[in-house]
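Please read the structure below before turning to the comments.
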Amino acid sequence: MSALQWQLATVTALRPETPRVKTFVLHLPYWTPHRAGQHYTVRLTAPDGYQAQRSYSVASPPEQTSQIELTVELIEEGEVSGYLFEGVTVGDQLEVRGPIGGYFVWEATPLAGPLLLVAGGSGVVPLMAMLRHRHRSGIHNATVLLYSVRTPDDVIFYEELARMAAADATFTLLLTYTRHSPANWSGYQRRIDAAMLAEAVKLAGSSPQCFICGPTSLVETAASSLQAQGIPPVSIRTERFGPSGT
Amino acid sequence: MQNPFFNRGFQRKRPAPTGHVLPPGQYETQDFPVLSAGPTPRIATAKWSFALDGLVETPQKWNWAEFNALPHQDLTVDIHCVTQWSKFGTTWQGVSLDTLLALAGPKQEARYVMAHCYGGYTTNLPLADLTGGKAFIGLLYDGKPLAPEHGGPARLVVPHLYFWKSAKWIQRLELLADDAPGFWERAGYSMYGDPWKEQRYRDDDEDQAAAGL
Ligand SMILES: Cc1cc2nc3c(=O)[nH]c(=O)nc-3n(C[C@H](O)[C@H](O)[C@H](O)COP(=O)(O)OP(=O)(O)OC[C@H]3O[C@@H](n4cnc5c(N)ncnc54)[C@H](O)[C@@H]3O)c2cc1C
């Protein structure tokens, strides 16, 4: 079966990540290995035949076989995220097709160079697949995740990221809180800007491969600022999640 | 194809957009989302140029002032992005491809076009899809100069195909005898991209042999 035909996946587990984000573990009858960063399309069908499709990045690494994990943020008034969040439980079926996308992808190879990942909100999902893939591959290229969230409640995958950072000296987690930060926080407390990106680049080392994912405005700011710091455009890959310009 | 499967309790959240027919799998948005693979190139109009060459009688190249001196048209079109959004009634001002092609004179054997862009993006289209009022180079969007993130200073607009064919930051159109995949097409996207036939990916193309596979 072609990767791009629709298949009926079964929800085998649900994991709350934050008050507004849930991970869906889907068992696929026709699983094919994806590349870290790729996404699937989810198609919902109403009893009257109405259909809606949206893209969701795979959060799990390709090393995790026969299933994929999708991590979905509940969008206010969202048609598809709202249904997934409220209406889907373990044992339910969902129509999906994928994996899709051949550009916003990263391969863990022994020769992989420095990696700079920049995320806003649920934009961390495809980057998490890259980090998990890197972790499973056991490679130790210098890697930095600069991750912008509103509040401490909004950090998706916090424990796993903190564990990865503690166990691996070659991985640095840089969080920035744009609305309010934890008590005694001494790190960043503002939107991602040029100074912050310059520090992240310095930590990653010379000429990192950059992946940026999140709301359009964050992606625009980060991509043009990295370019202004001399990183060639071919080393900057971007994925924009939502139409919202927040 | 009949689809017996449905999601219990799922229903349309917003009323069907009135007066507009959506292609399959699309939803209507009032926003103008941005999709591109890398950073937004910023091209100063003083340094901008646009060329029409390849299999043409008289290769053409315009600078910003020359291009803006060509006859402009007002256009109102619906656009459909492969990431599932559609936007109805977008208003543009630009130069019709018919105007440009008349100046260059396509050769007999020209059948396809490769669009080349600032930043290195490419996309392929049949020449027939750029003629007969079906395509233009957009300069103004909603009455204002086209913003860089939407492809400014100038973008190819081919509204009847998925919007990735409407190459942003257009720099050159090259007429070719044979079809060849561009940037997203090499990554598995459709060679043609008809939203009404839902040709999103290469697997969706009607005739994969004709698409060079
Ligand atoms: C390649 C790709 C990968 C994606 N991966 C993920 C992922 O891993 N996890 C994830 O949660 N989402 C992801 N998205 C976004 C996702 O596809 C949907 O756009 C999102 O879930 C909203 O759909 P909805 O039907 O719930 O909302 P809609 O009913 O479509 O929209 C409801 C309202 O919210 C606004 N809106 C739509 N999307 C967003 C957004 N992302 N942020 C803020 N406002 C929005 C709309 O303008 C509208 O006003 C991805 C998008 C793309 C293009």
Taking region A:71-84 and keeping residues at the interface with chain B (Cβ under 9 Å from one of its Cβ atoms), near the ligand (Cβ under 6 Å from one of its atoms) and crowded, with 19+ Cβ neighbours inside 10 Å leaves A:80
Number of positions in region A:58-70 that are closer than 15 Å to residue A:129 by Cα and open to solvent by 10 Å² or more (accessible area, probe 1.4 Å): 6
So, in region A:1-36, of the ones that are within 12 Å of another protein chain (Cβ to nearest Cβ) and under 23 Å from residue A:128 (Cβ atoms), which residue ends up nearest to the ligand (Cβ to nearest atom)? A:35
Quick one: would you say residue A:183 is open to solvent by 60 Å² or more (accessible area, probe 1.4 Å), away from the ligand (no atom under 16 Å from the Cβ) and at pLDDT 95 or above? no
If a residue counts only when it is open to solvent by 40 Å² or more (accessible area, probe 1.4 Å), which strands (runs of 3 or more DSSP E) contained entirely in region B:87-174 have at least 1 such residues? B:112-117, B:136-141
Of all residues in region A:209-241, how many are modelled with pLDDT of 95 or more, among the aromatic types (Phe, Trp, Tyr) and open to solvent by 10 Å² or more (accessible area, probe 1.4 Å)? 0
List the number of the failed condition for residue B:180; all other conditions in (1) part of a loop (DSSP other than H, G, I, E, B); (2) buried (at least 24 other Cβ atoms within 10 Å of the Cβ); (3) more than 14 Å from every other protein chain (Cβ to nearest Cβ) hold. (2)
Identify, by number, the condition in (1) within 8 Å of the ligand (Cβ to nearest atom); (2) more than 12 Å from chain B (Cβ to nearest Cβ) that residue A:67 doesn't meet. (1)
Could you list, in sequence order, the residues of region A:134-167 that are among the polar types (S, T, N, Q) and surrounded by fewer than 19 Cβ atoms within 10 Å (Cβ to Cβ)? A:137, A:151
Provide a single number: the residues in region A:35-54 that are assigned to a loop (DSSP other than H, G, I, E, B) and open to solvent by less than 10 Å² (accessible area, probe 1.4 Å). 2
Would you kindly identify the helices (runs of 4 or more DSSP H) lying entirely within region A:100-211 that contain at least 3 residues that are within 22 Å of residue A:226 (Cβ to Cβ)? A:124-137, A:194-204
Meets criteria (under 18 Å from residue B:5 (Cβ atoms) and either in contact with an Asp or Glu (Cβ under 9 Å, 6 or more places away or on another chain) or open to solvent by 10 Å² or more (accessible area, probe 1.4 Å) (or both)) for residue A:8: yes
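The rows are residues; the columns are (1) of a type in the set (Gly, Ala, Ser); (2) out of contact with any helix residue (DSSP H, G or I) (no Cβ under 6 Å at 6 or more places or on another chain); (3) at pLDDT 85 or above.
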residue	(1), (2), (3)
B:35	no, yes, no
B:51	yes, yes, yes
B:55	no, yes, yes
B:63	no, yes, yes
B:68	no, yes, yes
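The values are calculated or read from the model by the stated rules, or taken from the named source; none is laboratory data. Bear in mind that the values here come from a model prediction, so they are computed numbers and not experimental data. Note: ideal-geometry Cβ built from the backbone for every residue, glycine included; neighbour counts use all protein chains shown. Surface accessibility is based on the protein's heavy atoms, side chains included, excluding ligands, DNA and RNA. Shrake-Rupley method; radii C 1.70, N 1.55, O 1.52, S 1.80 Å.
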